[in-house]
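S.K.: First, the structure itself, so that you have it in front of you.
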Amino acid sequence: MRVDVVSIFPEYLAPLELSLIGKARQDGLLELSVHDLRDFTTDRHRTVDDTPYGGGAGMVMKPEPWAQALAAVAADRPGDAAKPVLIVPSPAGERFTQATAHELAGEERLVFACGRYEGIDERVMEWAAGHFTVRPMSLGDYVLNGGEVAVLAMVEAIGRLLPGVVGNPESLVEESHSDGLLEYPVYTKPSSWRDREVPAVLLSGNHGKIAQWRRHEQYRRTAERRPDLLEQFDAAKLPRADRTAFADLGYDIVDGHLMRRADAGGDSA
Ligand code: 6GU
């Protein structure tokens, strides 16, 4: 996969040289270039922003440097290649999820356009649609000062799904969100630590029981921390023991959907 990032703070992306993603780049699994937006300005001050039409606080990124930068990045490709995906990090974007990461990991080329949070002149996104599939993307419902931190998160989430990046692909299968649930708790040696014991079932050697305990811990955690995720959960084909686990957590199963019982306590744990 090839990734281009355009930013006025290229140094912000330095962590992408480290760890798993840095290794993926060294191994040629991920080709990543960072471009300085100011290199595409033509004035002496290398200006990238201006005041907003209509008034209001803050500054807006000027369209022309963005068009120059994105056209240069878009031009640099073989004639038969598909349009790259242009990801525009923004709190006003569509939510970036594990499903988005999987979808984008299947692309040949991604381009990230890091704006400051007041944003880029909207006409850039309209113009860019001629060269890219444009996807404004948000990490969640909070505001960052610019897209750079969001790009670090998205490139890591996408990059680790590329074939060969994570050494043991098994570790991608059982992690949080891969099945729409939060991950179960994990433990390592020693089995007794500061008067706290590892749950006995994990030492039992009974793999069926361990798998069931872990699944039930996923249900318990998800009900407690992220009950919103359970609204999407397909409960139609659950074994009896799992139905009982959900009943104990205060959920009924109606038409394959989990429904919080009206009389269930305020605390789902
Ligand atoms: Cl993707 N960008 C910015 N600037 N702020 C955000 C965000 C993205 N996601 C949440 N807040």
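The values are calculated or read from the model by the stated rules, or taken from the named source; none is laboratory data. Owing to the predicted nature of the structure, the values given are computational and were not obtained by experimental measurement. Here the Cβ positions follow ideal geometry from the backbone for every residue, glycine too, while neighbour counts run over all protein chains shown.
S.K.: Of the numbered conditions (1) more than 16 Å from the ligand (Cβ to nearest atom); (2) in contact with an Asp or Glu (Cβ under 6 Å, 6 or more places away or on another chain); (3) under 30 Å from Asp80 (Cβ atoms), Val111 satisfies every one except a single condition; which is it?
M.R.: Here Val111 clears every test but (1).
S.K.: Taking the residues in segment 98-115 that are of a type outside the set (Val, Ile, Thr) and surrounded by 20 or more Cβ atoms within 10 Å (Cβ to Cβ) as candidates, determine which candidate is farthest from Glu31 (Cα to Cα).
M.R.: Gly115
S.K.: Given the criteria at negative phi and modelled with pLDDT of 95 or more, does Leu18 qualify?
M.R.: On the way: at negative phi: yes; modelled with pLDDT of 95 or more: no.
No; evaluated as a whole, the condition is false for this residue.
S.K.: Another one. Could you pull out every one of the helices (runs of 4 or more DSSP H) wholly within segment 147-242 that has 3 or more residues that are within 16 Å of the ligand (Cβ to nearest atom) and crowded, with 17+ Cβ neighbours inside 10 Å?
M.R.: Values: elements: 148-159, 170-173, 207-225, 227-230.
Where helices (runs of 4 or more DSSP H) fall fully within segment 147-242 and carry at least 3 residues being within 16 Å of the ligand (Cβ to nearest atom) and crowded, with 17+ Cβ neighbours inside 10 Å, they are 148-159.
S.K.: Same structure again: Filter segment 74-88 down to residues that are touching a Leu at 6+ places or on another chain (Cβ under 9 Å) and of a type in the set (Val, Ile, Thr) and give me whichever is surrounded by the most Cβ atoms within 10 Å (Cβ to Cβ).
M.R.: The initial filter retains those residues of segment 74-88 that are touching a Leu at 6+ places or on another chain (Cβ under 9 Å), namely 74, 84-87.
If we keep only those that are of a type in the set (Val, Ile, Thr) too, we end up with 85, 87.
Numbers: Val85: 18, Ile87: 30.
Top of the filtered list is Ile87.
S.K.: Scan segment 120-146 for residues that are within 16 Å of the ligand (Cβ to nearest atom) and among the basic types (Lys, Arg) and jot them down.
M.R.: The one that is within 16 Å of the ligand (Cβ to nearest atom) and among the basic types (Lys, Arg): Arg135.
S.K.: If you scan segment 65-98, which residues turn out to be within 16 Å of the ligand (Cβ to nearest atom), in contact with a His (Cβ under 8 Å, 6 or more places away or on another chain) and assigned to a helix (DSSP H, G or I)?
M.R.: Answer for segment 65-98, where residues must be within 16 Å of the ligand (Cβ to nearest atom), in contact with a His (Cβ under 8 Å, 6 or more places away or on another chain) and assigned to a helix (DSSP H, G or I): just Gln98.
S.K.: Hey, another quick one. When you scan segment 165-201, how many residues do you find that are among the aliphatic types (A, V, I, L, M) and more than 30 Å from Glu17 (Cβ to Cβ)?
M.R.: First, pick out the residues of segment 165-201 that are among the aliphatic types (A, V, I, L, M): 165-166, 172-173, 181-182, 186, 198, 200-201.
Right, trim to more than 30 Å from Glu17 (Cβ to Cβ) and you get 181-182, 198, 200-201.
Matching residues across segment 165-201 total 5.
S.K.: Can you tell which of Pro52, Pro91, Pro63 is surrounded by 14 or more Cβ atoms within 10 Å (Cβ to Cβ) and under 24 Å from the mean Cα position of the chain (by Cα)? Spell out the reasoning first.
M.R.: Details: Pro52 fails: under 24 Å from the mean Cα position of the chain (by Cα); Pro63 fails: under 24 Å from the mean Cα position of the chain (by Cα).
Being surrounded by 14 or more Cβ atoms within 10 Å (Cβ to Cβ) and under 24 Å from the mean Cα position of the chain (by Cα) holds for just one of Pro52, Pro91, Pro63, which is Pro91.
Results for (1) small (Gly, Ala, Ser); (2) in contact (Cβ under 8 Å) with a residue 40 or more places away in the chain, shown as yes or no for each residue.
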site	(1), (2)
Arg38	no, no
Arg44	no, no
Val48	no, yes
Gly58	yes, yes
Pro63	no, yes
Ala72	yes, no
Ile87	no, yes
Pro91	no, yes
